[in-house]
Amino acid sequence: MRHDTAVADAADRLSDRLPGYRVVILQGRITATPHADGAHAETLTWLTIECSKAGARQAGLAYLQAIGLWLPSGPDDYAIPDFSLVEAGFLDAHVERNCYAPHAFRLVAEVTECDWSDVVGTKVDCYAQAGIPVYLVADRRHDEAALYTDPRGGEYRSRKPFKRGTPVPLPESIGISLELSVDRLLDGDEN
């Protein structure tokens, strides 16, 4: 299933030359983003703890940071979401380039950085095309969280914004019952 194309080869070379950067191919376009800041890292750690407390492992799920997601939007497209909730047997869904098939993913979450336009634009389209059931964005640029659900026909049918001071109730279809604080999603810490 390996596609040896100029774009895939260029992404590999760029990844080798930019240690610490996350290199992905979205809709045939290479994107490289620098490592995240401390608040971003705290948010991902907090999401891990919240999924653990909600019993994700007991529900047959795994929660992971920075795992590759193979995308159907192009022959070599893949993303590396900040956080993913996946089926426990996701390793059986390996495609290539350390990426896994979309059917193993229940939720992906992104915390915006300098890649804001990709997170709320290109990735929304790519994740919807892949059929990712739930896409959660901590949009630090606009100081809100957005929950995308119901992917059909290559687009999410539902987008719900959530402001500070409110919880984001995740759909129980992900396999666990979980409400997340918008403030914690945006800031990472408890302040």
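The values are calculated or read from the model by the stated rules, or taken from the named source; none is laboratory data. All values derive from a computational prediction rather than experimental measurement. Note that each Cβ is placed from the backbone with ideal geometry, even for glycine, and that neighbours are counted across all protein chains shown. The area values use the complete protein model at the heavy-atom level, side chains included, leaving out ligands, DNA and RNA. Shrake-Rupley method; radii C 1.70, N 1.55, O 1.52, S 1.80 Å.
From the list ASP77, ASP37, exactly one residue is among the acidic types (Asp, Glu) and either within 21 Å of LEU147 (Cα to Cα) or open to solvent by less than 10 Å² (accessible area, probe 1.4 Å) (or both). Which is it? From the options ASP77, ASP37, the qualifying one is ASP77. Restricting attention to segment 46-69, the residues that are of a type in the set (A, V, I, L, M, F, W, C), closer than 26 Å to ASP187 by Cβ, more than 14 Å from the chain's Cα centre (by Cα) and open to solvent by 30 Å² or more (accessible area, probe 1.4 Å) add up to 2.
Could we say that GLY154 is surrounded by fewer than 19 Cβ atoms within 10 Å (Cβ to Cβ) and under 15 Å from the mean Cα position of the chain (by Cα) here? Step through it out loud before you land on a result.
On the way: surrounded by fewer than 19 Cβ atoms within 10 Å (Cβ to Cβ): yes; under 15 Å from the mean Cα position of the chain (by Cα): no.
In short, no.
Would you check if there is a residue in segment 133-150 being buried (at least 21 other Cβ atoms within 10 Å of the Cβ) and assigned to a helix (DSSP H, G or I)? No, segment 133-150 contains no residue that is buried (at least 21 other Cβ atoms within 10 Å of the Cβ) and assigned to a helix (DSSP H, G or I). Output the residue which, of all residues in segment 162-175 that are open to solvent by 10 Å² or more (accessible area, probe 1.4 Å) and of a type in the set (A, V, I, L, M, F, W, C), is farthest from LEU85 (Cα to Cα). Looking at residues that are open to solvent by 10 Å² or more (accessible area, probe 1.4 Å) and of a type in the set (A, V, I, L, M, F, W, C), I get PHE162.
Answer with yes or no whether ILE25 is open to solvent by 40 Å² or more (accessible area, probe 1.4 Å) and of a type in the set (Val, Ile, Thr).
On the way: open to solvent by 40 Å² or more (accessible area, probe 1.4 Å): no; of a type in the set (Val, Ile, Thr): yes.
So ILE25 fails the test.
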